[in-house]
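The values are calculated or read from the model by the stated rules, or taken from the named source; none is laboratory data. Bear in mind the structure is a predicted one, so any value in this text is a computation, not a measurement. Virtual Cβ from ideal backbone geometry, glycine too; neighbours counted across all protein chains shown.
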Amino acid sequence: MAEASRQARILVLYHTDAGNTRLMADLVGEGAAGVPETDVRLRGVDEATADDLLWCDGMAVGSPTNMGTVSWQMKRFWDVTAQTLWPKTEGKFGCAFSSSGRVAGGGELTCVSILTIPVNYGMFTFSIPDDVAPGRTLHYDVVCAGRRATKPTVRPADASAGAWPSGSRRSSWGDPSSRQSPSPMTAGPEAA
């Protein structure tokens, strides 16, 4: 008997110290929720359970940058809470995001560290080009340095960078018809 169609399930799992990674998690969750037929759970590592990992089809994992790697709280979640789940997590999708205090603060290294964790649980991990701006990427995943004074207003029609489009694009990644073509390289202000 064929399984009835159901909504895609996305878990946004994060740890935050100063609140910056939580702001990013909110935006990733909003972007993912904007994809039709997608259910999103936003969970901090202190409240997330093994059932959250079993529930989801894919996840976005976020951590503040701590000396170029994940926070110990995020690592503890995977070492303690998730440890018994392997191989039940095989075949799920995972991606990463990180916040850091400044540019060159180790955010890309943190994303690579985060991506290593789901790989060890048998998950597929991926990054999307053009997360920063058309034709520009951070290569490994979304990183935000510093803190915005206000939450940005981002709509799908004008979203060109950051966590909101990342959540939307990643949630629809499994559907080839929804994949966006890479944006053409555009000249930055320095070329003017």
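Got a number for residues in segment 87-99 being surrounded by 14 or more Cβ atoms within 10 Å (Cβ to Cβ) and either touching a residue at least 60 places away in the same chain (Cβ under 8 Å) or more than 14 Å from Tyr14 (Cβ to Cβ) (or both)?
Adding up the residues that qualify gives 8.
Provide a single number: the residues in segment 46-86 that are crowded, with 16+ Cβ neighbours inside 10 Å and of a type in the set (D, E, K, R).
3
Does Ala133 satisfy the criteria of being among the small types (Gly, Ala, Ser), surrounded by fewer than 22 Cβ atoms within 10 Å (Cβ to Cβ) and either modelled with pLDDT of 95 or more or under 17 Å from the mean Cα position of the chain (by Cα) (or both)?
So Ala133 passes the test.
List every residue pair whose Cβ atoms sit under 6 Å apart, with the two residues 6 or more apart in sequence or on different chains, where the first one lies in segment 10-30 and is under 13 Å from Val61 (Cβ atoms) and the second, anywhere, is of a type in the set (D, E, K, R) and modelled with pLDDT of 90 or more.
What qualifies is Leu11/Arg41; Leu11/Asp52; Leu13/Arg43; Thr16/Arg22.
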